[in-house]
1. How about the stretch 169-219: which of its residues are acidic (Asp, Glu) and assigned to a helix (DSSP H, G or I)?
2. Residue check: is Gly105 modelled with pLDDT under 90, at positive phi and in the same structural domain as Met239 (by TED's automatic domain parsing)?
3. Spot the failing condition for Trp72; the list is (1) buried (at least 18 other Cβ atoms within 10 Å of the Cβ); (2) more than 20 Å from the chain's Cα centre (by Cα); (3) hydrophobic (A, V, I, L, M, F, W, C), and only one is missed.
4. Exactly one condition in (1) closer than 16 Å to Ile165 by Cβ; (2) of a type outside the set (Asp, Glu); (3) crowded, with 18+ Cβ neighbours inside 10 Å is false for Leu64; which is it?
5. Restricting to the stretch 238-255, name every residue that is surrounded by fewer than 18 Cβ atoms within 10 Å (Cβ to Cβ) and touching a residue at least 12 places away in the same chain (Cβ under 8 Å).
6. Would you kindly identify the helices (runs of 4 or more DSSP H) lying entirely within the stretch 35-152 that contain at least 2 residues that are within 30 Å of Tyr180 (Cα to Cα)?
7. The conditions are (1) crowded, with 18+ Cβ neighbours inside 10 Å; (2) touching a residue at least 24 places away in the same chain (Cβ under 8 Å), and Trp153 fails exactly one of them. Which is it?
8. Checking Ala268 against (1) touching a Leu at 6+ places or on another chain (Cβ under 9 Å); (2) touching a residue at least 40 places away in the same chain (Cβ under 8 Å), which test does it fail?
Amino acid sequence: MWRRVILGNKRKSYLWAYAFISAPILGFLLFALIPICFSVYVSATQYSGYQKPVFTGADNYVRLLSHDPLFWKTLTNTIYSVLSIPIGMALALAIAVALNQKIVGIRFFRTAFFLPTISSVVAMTLLWKWIFNGDYGLLNYLLGLIGITGPAWLSSETWAMPAMILQGVWGGLGFNMVLYLAALQGVPGSLYEAAEIDGAGGWQRFVKITIPCISPTTLYILITSIIGAMQDFPRFQIMTEGGPNYSTTTIVYYLFQNAFRYMDMGYASAMAWVLGILLMAITLLNFWLSRRWVHYE
């Protein structure tokens with residue numbers, strides 16, 4: 001009798017467990033797995049989203065890799081924009097080191113640096129669009145005070161992408177700074193004390209202790225930043241709309257144009273899978289290289 005009661009309770013527990021996990025499983029199937037599988041099929045078809053897909057095999061991929069110079073230009077633009085990552089990581093680490101000190105008002109500065117992270121992307125992008133305005137923008141006004149004539153930042157093929165990189169560095173500082181700050185506070189103080197006793201200077205302690213100890217956080221920031229930068233879209237749409245002359249058209253923005261402006265869903269899906277494979281390759285390469293410089297102990 002007791003055995004039956006125990007088995008009955010176990011079955012009820014299993015039923016409740018299945019009920020709780022059913023929601024995320026159904027959500028994954030409906031909004032992730034099924035769309036992913038459908039996009040694989042659509043990438044091998046000619047499909048506008050309205051009529052029935054027409055199977056074309058690998059034509060979209062051949063067209064993408066061999067007959068579309070604009071794809072390679074947008075890919076180059078995207079890689080160019082990724083240059084903001086090492087600059088942003090270095091600045092975030094420097095700010096985190098400064099904010100890790102015990103000084104008066106440190107909480108205010110931590111909040112101030114993190115505030116852009118929780119602000120609206122659209123609002124912040126519009127603010128920077130005004131800052132970069134070539135006629136009455138704040139940046140050119142400040143440059144004019146020191147006798148420098150600023151360029152038409154967002155209207156110049158030469159300066160548009162550097163302007164976007166500058167804005168991207170600013171936008172990612174807060175989040176990366178918090179991650180680095182948490183990592184710095186996890187470094188054992190005994191290591192610094194031992195190094196100081198051995199006569200190590202501040203720079204030596206930073207290079208030999210701090211950087212190795214926070215290397216797992218550096219790897220995480222590097223990988224997530226690359227993935228985010230390769231998929232960056234809203235900033236470019238709002239600030240430049242991919243111009244001038246496609247100089248700031250990223251691969252995701254080009255994908256968006258093909259899918260929703262030209263209604264070429266099959267071609268856009270093929271582009272998405274090429275981007276996904278590229279991101280996976282870069283991520284795996286980072287993990288492989290991390291064995292040489294990431295320390296988990």
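1. Matches in the stretch 169-219: Glu193, Glu196.
2. Yes, satisfied.
3. (1)
4. (1)
5. Ile238, Gly243, Pro244, Asn245, Tyr246, listed by residue number.
6. It comes to 69-81, 84-99, 106-118, 121-131.
7. Every condition holds for Trp153 apart from (2).
8. Going through the list (1) touching a Leu at 6+ places or on another chain (Cβ under 9 Å); (2) touching a residue at least 40 places away in the same chain (Cβ under 8 Å), Ala268 breaks only (2).
The values are calculated or read from the model by the stated rules, or taken from the named source; none is laboratory data. All figures in this text were calculated on a predicted structure; none of them were measured in a lab. So basically every Cβ, Gly included, is an ideal-geometry build from the backbone, and we count neighbours across all protein chains shown.
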